[in-house]
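Here the structure is laid out as structure tokens; the discussion comes afterwards.
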Amino acid sequence: MTTELDGLTGTELAVSMIDVSKSYKHFKLRNIHFSVERGTVAGLIGPNGAGKSTTMRILMGLVQPDTGTVSALGKTISSREAAAKQDIGYFSDDMRLYKPESIGWHMQFVRSLYPRWDDTYATQLLKRFGLIDEQVVKGLSHGQRVKAMLLLIFARRPKLLILDEPTNGLDPVAKHEILTELMRVVEDDSRTILYSSHNTQDVEQIRDSITFIDRGQVIASSNRDEFLEKWKRIKLHAPEEWSAPVVEGLRLESRHRNLHVLSFSQFSDQVPARLHEPGVVIEAVEPMTLEEIFVSSVMRGREGSQS
Amino acid sequence: MNLQAIRILFLKDLFLSRRQLFAYFAAGMAASALVCIPNTTLSFVGFILVITVAIAAGIHLIGTLMLAETTDQTRLFVMSLPISLLDYSISKISVVLTTYLIPWTAMFACLVIAMFVGDKQGNVAVTSAIFFFLLCSFMLQLVTAVVSESVGWTICVMVGGNVCLNVLLMKLHADEEVTEVVKSNVLSWPSIVLQIIGIELLVIAVALATAFLFQTRKQDLV
């Protein structure tokens with residue numbers, strides 16, 4: 001996922017959002033600007049209430065943005081258009097199936113709207129997910145319900161998957177089953193997946209690029225390896241009154257007596273040299289986990305908006 | 001507009017409402033049969049039941065087919081499918097109207113036939129005014145459900161409709177021309193009844209257009 005469109009054309013992009021804004025009474029999505037290249041897996045990470053679901057609903061044409069343009073698979077997205085949705089599989093944790101009907105009934109219903117519905121694959125998924133087509137939705141557990149919905153999406157063979165917190169509230173086994181199936185889907189290079197979560201561990205295994213979102217704004221967006229490469233933590237001993245020099249991307253994470261913990265979002269080999277001052281001893285330069293990078297990004301964004 | 005998608009959605013909702021539809025159809029037929037019994041008390045009870053079935057069917061069908069899609073969060077599932085807002089709106093309003101019109105038409109037709117068979121054609125005009133009022137009240141509930149998506153407001157409109165139905169019955173009862181026609185066995189249309197039916201048809205048409213306009217102009221579907 002890229003915040004800049006990087007000169008990519010509409011045909012190379014699976015998703016494109018340009019300056020998209022949406023205002024509600026107590027929440028604003030502000031100038032969302034990002035794209036996802038075809039055949040990639042992108043993660044949209046943000047705390048609860050950050051705007052992930054709203055962003056994804058705008059992408060599906062379920063919510064009309066106040067400003068900006070949205071396109072998916074080269075087609076403009078709006079509630080008035082249905083053509084683009086033929087190739088998009090959308091899952092939301094808020095989505096529900098019809099309680100009195102069976103999984104088989106839902107399969108028939110969805111199949112009637114999708115000429116590309118794959119019966120063989122649907123049967124395989126039923127077995128892999130441990131579902132029975134006669135099972136009535138009302139009696140399904142949360143995990144079974146999520147699996148049934150993903151089955152209905154995967155069996156259409158969509159070119160773009162938009163998955164809004166699919167593993168939310170699942171037990172580790174169900175989560176593993178779903179992520180394993182998602183890995184199979186990822187093997188098809190022509191598929192694009194946009195996956196949102198508030199949990200960095202969920203997306204660690206399956207995405208190429210990550211965008212962090214908080215309070216309705218994109219706060220950081222990069223390739224996973226770039227994130228891990230550029231973000232470092234430095235622990236150093238320095239007098240209590242020591243203040244860090246002005247270095248781009250530096251944030252003081254914590255201070256306990258003379259132990260200072262700093263994080264850098266633009267780490268380079270020159271950074272430790274810039275910290276060398278009389279009385280300053282660098283104890284360690286450590287890599288940061290994705291979760292630590294995410295939390296630090298959110299805190300930086302919030303501090304920035306307060307100052 | 002995708003006619004195939006509209007047909008699939010329509011049939012889906014018709015299937016989902018099959019139990020209610022059958023129940024209200026059966027209840028309506030039973031109530032209509034009671035009206036036809038040549039016993040004043042049973043006939044009166046039957047007539048009250050006919051009105052009750054028509055009111056209950058309306059609010060129940062609007063609740064299960066329209067409002068429940070929001071509260072049960074099934075609309076998010078439906079709208080994630082390749083369906084446009086126009087397709088969804090046409091199918092939804094059509095199916096709600098159709099499912100209501102099935103028991104409504106059955107009861108109305110049953111009563112009119114019974115009046116002709118029982119040589120009580122004088123009741124046809126008043127019965128028509130009452131049935132079109134019930135349809136009118138249903139349409140107002142439908143437009144309220146579309147605009148507000150609120151069970152509470154829809155129930156308020158239903159209650160208002162019931163109060164107005166009593167006013168209508170009192171007005172018809174107080175009219176001399178209507179009273180004479182009801183007592184006779186001749187099919188006749190008093191002017192006040194024609195005026196009422198005219199207003200009812202106008203309200204039905206305006207409500208239908210309003211419901212459709214509001215539904216198709218919604219910005220956010222979930």
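Built from the Cα atoms of the stretch A:234-296, the convex hull projects on average onto 4.1 nm², one quarter of its surface area.
If only the Cβ of Lys and Arg carry +1 and only the Cβ of Asp and Glu carry -1, the dipole of the protein assembly as shown around its Cα centre is close to 880 debye.
Under the rule a/c < 1.5 gives rounded, and otherwise a/b versus b/c splits prolate from oblate, where does the stretch A:77-201 land using the Cα gyration tensor? In terms of gyration-tensor shape, rounded. Maximal additional length on extending the A:GLN201-A:LYS25 stretch stands at 60.2 nm, based on 0.36 nm per residue less the C-alpha distance.
Distance between the pseudo-spin-label points of A:TRP242 and B:HIS60 (7 Å out from Cα toward the beta carbon): 7.7 nm. Helix-only estimate, please: 222 nm mean residue ellipticity of chain B, summing -39500 (n - 2.57) across DSSP H runs of length 4 or more and dividing by its residues, to the nearest 500. Mean residue ellipticity at 222 nm (helix-derived): -28000 deg cm²/dmol. Once the Cβ-Cβ distance of B:ILE48 and B:SER94 is raised to the sixth power relative to R0 = 30 Å, the FRET efficiency obtained is 0.50.
Between A:HIS142 and B:ALA26, what FRET efficiency follows from the Cβ-Cβ distance if R0 is 30 Å, with the result rounded to 0.05?
On the way: r = 37 Å, r/R0 = 1.23.
Rounded to the nearest 0.05, the efficiency is 0.20.
Taking label points 7 Å from Cα along the Cα-to-Cβ direction, A:MET299 and B:THR105 give a separation of 6.8 nm.
Estimated from helices alone, the mean residue ellipticity of chain A at 222 nm is -8500 deg cm²/dmol (sum of -39500 (n - 2.57) over DSSP H runs with n ≥ 4, per residue).
Where in the stretch A:79-107 does the label zone of A:SER190 land, with the point 7 angstrom along Cα→C-beta and an amide N cut-off under 17 Å? Within reach of a label on A:SER190, which here means backbone N under 17 Å from a point 7 Å along Cα→Cβ, the stretch A:79-107 contributes A:84-89.
Ordering A:LEU113, A:LEU59 from the fewest to the most neighbouring beta carbons within 10 Å gives A:LEU113, A:LEU59.
Using R₀ = 41 Å, calculate the FRET efficiency as 1/(1 + (r/R₀)^6) where r is the Cβ-Cβ separation of B:LEU194 and A:GLN108; round to 0.05. With R0 = 41 Å, the Cβ-Cβ based efficiency is 0.25.
When the Cα positions of B:PRO190, A:LEU194, A:LEU13 are compared along the charge dipole of the protein assembly as shown, B:PRO190 comes out farthest toward the positive end, with charges on each C-beta of Lys, Arg, Asp and Glu.
Read-outs: derived from the displayed coordinates by stated rules, not from any lab. Here the structure is a predicted model, which means the values were calculated and not measured. Note that each Cβ is placed from the backbone with ideal geometry, even for glycine, and that neighbours are counted across all protein chains shown.
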